[in-house]
Amino acid sequence: MPNKLHRHPPNPQASASASFEGVVLPHLDAAYNLARWLARDDTDAQDVVQEALLRALRYYASFHGGDARVWLLAIVRNTFYSLRMKVPADGVHEAFDDEMHAPPDEQPGPEAQTLLALDVGSLQRALENLPHPLREAIVLRELEECSYKEIASITGQKIGTVMSRLARARERLRLELSCPSKEARQHDVP
Amino acid sequence: MMCHDARLLLHAYLDDELDAAQSVAMTRHMQACADCTAHYADFAQLRQAMTQGSLYRRAPDALRAQWTAAMPAAAAPASSPRPRRAPIALAMAAGFAAALLFATPLWFYASRQQAGGADTGLSEVVSSHIRSLQQQHLMDVVSTDQHTVKPWFDGKLDFAPRVKDLAGAGYPLVGGRLDALEGHSVAALVYKHGLHIINLYQWPVSTDAADTAATQWHGYNVLCWTRGRMRYVAVSDLNQSELRQFVLAFQDDATPVMR
């Protein structure tokens, strides 16, 4: 019977902190995963999640149903970028130009599958070397299994942008993983 | 379809985000183009490697523990009758230690309130109500039979609670439970109204001040009254007038008290 009791539509301003626990906290792993991949550091990721959850709690009254995971991930993402702005020491501003990062026009390459170094270490390094806009897209897609539409609403981009960023992210990963040593030096990004 | 278009659509194809027509076009193109097929195989391989799980970063236990434990703790310190969001947020920001720091003065404040106030331990009552809504916490004795609920309390409390079935008024009794409020054991009766749950707490008091106080706390409505040397507190997410109807039905001497 207690199961049934949960199903009645929650009075919006009622049960704020009670339902926060049930609605938002189940997505803690997703929040941390995104924060960890954006921040590339355990401590920073925890700070981001901590701050994001506080914001989520503060804005919880304005959350009117919908997908709590998408809602929370958007907050995590915004929190990460706003915290990063506050720390100028970190301040390599990646002004991301979608045009600039267009994939190189490839020569008609060998018609064979490329040999990719797909061990966890290489993958992790390659992912961490991606610029933030590409990294968040690919992490949301492959690790969180978000749809394009969900990624678009988390990142505030158009679906077309999401699609081309994912394409670029994968092209770069593929390049980097097929010749790791050269690419690693070339893309030694912040 | 040209290779140039295919290179972009390849990813949407891999992600299963293409509509049927585009999907068919992609399949057809790949049948003809070995280059794109090889690319596709690369990306499929990449995806498989990424989704194997070792790249997923789960939240550390400490973080999880902090938040799951902080929620009930956070509800308690804000012991003032007004909903105060900011202190809750701050208390959680500073974690447990700070939560305790915040809690201590507020408890003093709350206990001073208790001495002279009508809104006695309001937050405690609401917290208890919220806790009771969590699974398996609502009822110790589950019964729609009023004759089961009342005897169940025998020997568990140092007083005999007033138990009424208000099914006739639209508030069927669904069970009862022992609870503790302000340091004493109280009887909690659980009523339903539609899908809403009403917790009715009662415990004996020495004075018989006939005040009825209605308050709201975090969106829950709370009605307190004292009658026959018993303190009653009804909590629910029902709106205030509905909760008042319930209280009137309970107070109505025409409905029989269970023996």
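The values are calculated or read from the model by the stated rules, or taken from the named source; none is laboratory data. As the structure is a prediction and not an experimental result, all values here were calculated from the model. Note that we place each Cβ from the backbone using ideal geometry, even for glycine, and neighbour counts take in every protein chain shown.
Spot the failing condition for A:Gly91; the list is (1) in contact with a His (Cβ under 8 Å, 6 or more places away or on another chain); (2) modelled with pLDDT under 85; (3) not basic (Lys, Arg), and only one is missed.
Status for A:Gly91: all satisfied but (1).
Could you grab me the full set of residues in segment B:4-25 that are assigned to a helix (DSSP H, G or I) and surrounded by 15 or more Cβ atoms within 10 Å (Cβ to Cβ)?
From segment B:4-25, those assigned to a helix (DSSP H, G or I) are B:4-14, B:20-25; that's our starting set.
Answer for segment B:4-25, where residues must be assigned to a helix (DSSP H, G or I) and surrounded by 15 or more Cβ atoms within 10 Å (Cβ to Cβ): B:Ala6, B:Arg7, B:Leu8, B:Leu9, B:Leu10, B:His11, B:Ala12, B:Tyr13, B:Leu14, B:Gln22, B:Ser23, B:Ala25.
Say whether the condition of being more than 42 Å from the chain's Cα centre (by Cα), at pLDDT 55 or above and closer than 30 Å to A:Arg36 by Cβ is met by at least one residue in segment B:89-96.
Within segment B:89-96, the subset more than 42 Å from the chain's Cα centre (by Cα) is none.
No, that holds for no residue.
List pairs: first residue in segment B:175-194 and in the same structural domain as B:Gly155 (by TED's automatic domain parsing), second residue β-branched (Val, Ile, Thr) and assigned to a loop (DSSP other than H, G, I, E, B) anywhere in the structure, Cβ distance under 7 angstrom, at least six positions apart or on different chains.
Filtered contacts from segment B:175-194: B:Glu182/B:Thr120; B:Leu189/B:Val163.
Note down all Cβ pairs under 8 Å where the first residue falls in segment A:41-60 and is within 10 Å of chain B (Cβ to nearest Cβ) and surrounded by fewer than 18 Cβ atoms within 10 Å (Cβ to Cβ), the second is in a helix (DSSP H, G or I) and among the basic types (Lys, Arg), and they're at least six residues apart or on different chains.
A:Asp42/A:Arg36; A:Arg58/B:Arg85
Can you confirm whether segment B:219-233 contains a residue that is charged (D, E, K, R), within 19 Å of B:Trp152 (Cα to Cα), more than 14 Å from chain A (Cβ to nearest Cβ) and surrounded by 15 or more Cβ atoms within 10 Å (Cβ to Cβ)?
Taking segment B:219-233 and keeping what is charged (D, E, K, R), we get B:227, B:229, B:231.
Retained after the next criterion (residues that are within 19 Å of B:Trp152 (Cα to Cα)): none.
There is no residue in segment B:219-233 that is charged (D, E, K, R), within 19 Å of B:Trp152 (Cα to Cα), more than 14 Å from chain A (Cβ to nearest Cβ) and surrounded by 15 or more Cβ atoms within 10 Å (Cβ to Cβ).
Quick grid of which residues meet (1) farther than 19 Å from A:Ser82 by Cα; (2) in contact (Cβ under 8 Å) with a residue 12 or more places away in the chain; (3) facing another protein chain (nearest Cβ under 9 Å):
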residue	(1), (2), (3)
A:Leu130	yes, yes, no
A:Ala137	no, yes, no
A:Glu142	yes, no, yes
A:Cys146	yes, yes, no
A:Ile159	yes, no, yes
